[in-house]
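Colleague: Here's a structure for you.
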Amino acid sequence: MEIPAINLKAIVLVHWLLTIWACMVSWLPNSFAWGNFSVLAVGVWAIAQRDSIDAVLMFLMGLVVTILTDIVHFGIYYPVNDFAVETRFRFSAGMAILSLLLKPASCFFVYQMYRERGGDYNVNFGFPSVSRDRDAYQSIDQQEESSPPANPFNQAQDSKPAVRTY
């Protein structure tokens, strides 16, 4: 099954619009807006530089971080037992929650774009691992015929070693 190609511009545009709507009512702190709009600015950078692997990776990491910060913001600032909230607050909160729900899918598509641009992010925790891929190894048993034998001390081949004076 092929993964559908989602344009990076569409991802940035949807999250920008949802963040604008989430910030209509001031129930979230300024850090919510600053964090999300900063990540979207990195997304614009990733759009502008089509061959940059770093821009897409930074946009991906920013989306992951804003998932965590959005959860913290909602947990702290969402009113608990306020049933008499106005319609604008419900709309604003709904758009913020919808943006949060769409971010994992956006991360998946941005990761696919990262791989398409040539990025290969292998997580390495420092543990030694055994690899079965031996194509990258060069055999030391076979020497190339065209190269002369190595002379590490820069001496003539058939001459007697020079006497060193100390």
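The values are calculated or read from the model by the stated rules, or taken from the named source; none is laboratory data. The structure displayed is predicted, hence computed values, not measured ones. Cβ atoms come from the backbone with ideal geometry, glycine included; neighbour counts cover every protein chain shown. Surface accessibility is based on the protein's heavy atoms, side chains included, excluding ligands, DNA and RNA. Shrake-Rupley method; radii C 1.70, N 1.55, O 1.52, S 1.80 Å.
Colleague: So for the pair Asn81, Ile6, with labels modelled 7 Å out along Cα→Cβ, what separation do we get in nm?
Modeller: Reported label-point gap for Asn81 and Ile6 is 3.9 nm.
Colleague: Still on this structure, please answer the following. In whole Hz, with x marking every Gly and Pro, tabulate ³J(HN,Hα) for region 51-57 from phi via Karplus 6.51 cos²θ - 1.76 cosθ + 1.60, θ = phi - 60°.
Modeller: Couplings: 9, 7, 6, 5, 5, 5, 5 Hz.
Colleague: What are the ³J(HN,Hα) couplings of region 27-34, residue after residue, when phi is run through the Karplus curve with 6.51, -1.76, 1.60 and θ = phi - 60°? Round to Hz, x for glycine and proline.
Modeller: 8, 9, x, 5, 5, 5, 5, 4
Colleague: Taking the Cα centre as origin and putting +1 on Lys and Arg beta-carbons and -1 on Asp and Glu beta-carbons, what dipole magnitude results for region 7-124, to the nearest 20 debye? Could you put the intermediate results ahead of the total?
Modeller: Values: 7 positive and 7 negative charges, 38 e Å.
Rounded to the nearest 20 debye, it is 180 debye.
Colleague: Can I ask one more? Convert each backbone phi in region 90-103 into a coupling constant with the Karplus relation 6.51 cos²θ - 1.76 cosθ + 1.60 (shift: θ = phi - 60°), then list the ³J(HN,Hα) values in order as whole Hz, x for Gly and Pro.
Modeller: For region 90-103, the Karplus curve yields 4, 5, 4, 5, x, 5, 5, 5, 5, 4, 5, 5, 7, 4 Hz.
Colleague: If you roll a 1.4 angstrom probe over the protein chains with everything in place, what fraction of the accessible area of region 1-115 belongs to carbon and sulfur, to the nearest %?
Modeller: 68 percent
Colleague: If you don't mind, another one. Could you give the length gained by full extension between Leu102 and Ala48, i.e. 0.36 nm per residue of separation minus their alpha carbon distance, to one decimal place?
Modeller: Working: separation 54, 0.36 × 54 = 19.44 nm, distance 2.28 nm.
This chain segment gains 17.2 nm when fully extended.
Colleague: Highest first, please rank the peptides 66-79, 33-46 by the mean number of other Cβ atoms sitting within 10 Å of their residues.
Modeller: 33-46, 66-79
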